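For reference, the structure discussed in these notes is given below.
Values in this text are rule-based calculations from the coordinates and carry no lab data. It should be emphasised that the depicted structure is a prediction, and the values quoted were computed from it without experimental measurement. Don't worry about glycine lacking a Cβ; one is built from the backbone with ideal geometry, like all the others, and counts go over all protein chains shown.
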Amino acid sequence: MTQLQVMSDRNPAEVLLRTRDERRIAEELAALGVEFGRWEVRTAVTSQTTSQELLDHYRHEVAELSARAGMTVVDVAQLIPEPGPAWQERAAEARTAFLEEHRHAEDEVRYFAHGTGCFYLHLKERVYAVICEAGDLLSVPAGTRHWFDMGPVPDFCAIRFFKEADGWVGDFTGDRIASVFPRLDALLEPGP
């Protein structure tokens, strides 16, 4: 259930748009220079799926995107629930790591092969909450202020694309804006 919710950056309760129409989502984001698309989901992902197995399933798409966008580094970020407190601690730590507004020196390109996560893009006095699900491809331009929420029980697997090995390193803005916006779990609740 891919979803876009646009809110005023001064008032999270002021919802300007909420849609699950993929064509509308793509159009709204394209106007901001953000690429949104879909790839066919080729395989089920479990906690036992290796990065190499996943990359093998998407070999052609990865090669095409890498060539087109000049991406030289591709890896997999995966958090799938496992029993036990060690996983819960690791998941909580991972969730917290990107819940603060930051930006990157290069484009942030992600393909969701499994699960759900939400990118919050802070652009033009608005916050664009983009809930991505399996099959979604999102490319956030370099320098875009944003944060990411993987939810209280992270369950996602994403192929990540970079031009440089340290392309994922965040430059945190110090702005506390992320703390006042609804988290992924609240956005998933049925709305008007």
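Rounded to the nearest 500, the helix-only mean residue ellipticity at 222 nm of the chain stands at -6500 deg cm²/dmol, with each DSSP H run of n ≥ 4 adding -39,500 (n - 2.57).
For Glu89 and Glu125, the difference between the fully extended length at 0.36 nm per residue and the C-alpha to C-alpha distance is 9.5 nm. Mind grabbing the base-10 log of I(q)/I(0) for segment 1-121 at q = 0.11, 0.20 Å⁻¹? Debye formula, identical points on the C-alpha positions, no solvent, two decimal places. The computed values of log10 I(q)/I(0) come out as -0.50, -1.45. Computed 3J(HN,Hα) for segment 102-113, one whole-Hz value per residue from the Karplus formula 6.51 cos²θ - 1.76 cosθ + 1.60 where θ = phi - 60°, is 8, 8, 10, 6, 9, 4, 9, 10, 9, 10, 8, 8, glycine and proline marked x. Springs between Cα atoms under 10 Å define the GNM used for the chain, and in it the highest mean-square fluctuation of Val15, Val76, Val127 occurs at Val15.
As a proxy for reagent exposure, Glu22, Glu189 were ordered by neighbouring Cβ count within 10 angstrom, fewest first; the result is Glu189, Glu22.
The Lys163 and Arg23 beta-carbon pair, evaluated with R₀ = 30 Å, returns a calculated FRET efficiency of approximately 0.55. For Cys118, neighbours were defined as the other residues whose beta-carbon sits under 12 Å from its Cβ, and their charges (Lys and Arg +1, Asp and Glu -1) total -1. Radius of gyration (Cα atoms) of segment 59-136, expressed as a multiple of 2.2 N^0.38 Å: 1.30.
Ranked for footprinting exposure by Cβ neighbours inside 10 Å, fewest first, Arg183, Arg20, Arg110 give Arg20, Arg183, Arg110.
Rounded to the nearest 20, the Cβ-based charge dipole of the chain about its Cα centre (Lys and Arg +1, Asp and Glu -1) stands at 320 debye. Taking the chain as a Gaussian network of alpha-carbon nodes connected by springs under 10 Å, the highest mean-square fluctuation of the residues His104, His60, His122 belongs to His60. For segment 71-192, a Kirkwood radius taken over Cα pairs fed into Stokes-Einstein (25 °C, viscosity 0.890 mPa s) yields D = 165 µm²/s. Computed from label points 7 Å out along Cα-Cβ, the spacing between Ala31 and Ser179 is 3.2 nm. Across segment 1-138, Cα pairs under 8 Å and at least six residues apart give a relative contact order of 36 percent.
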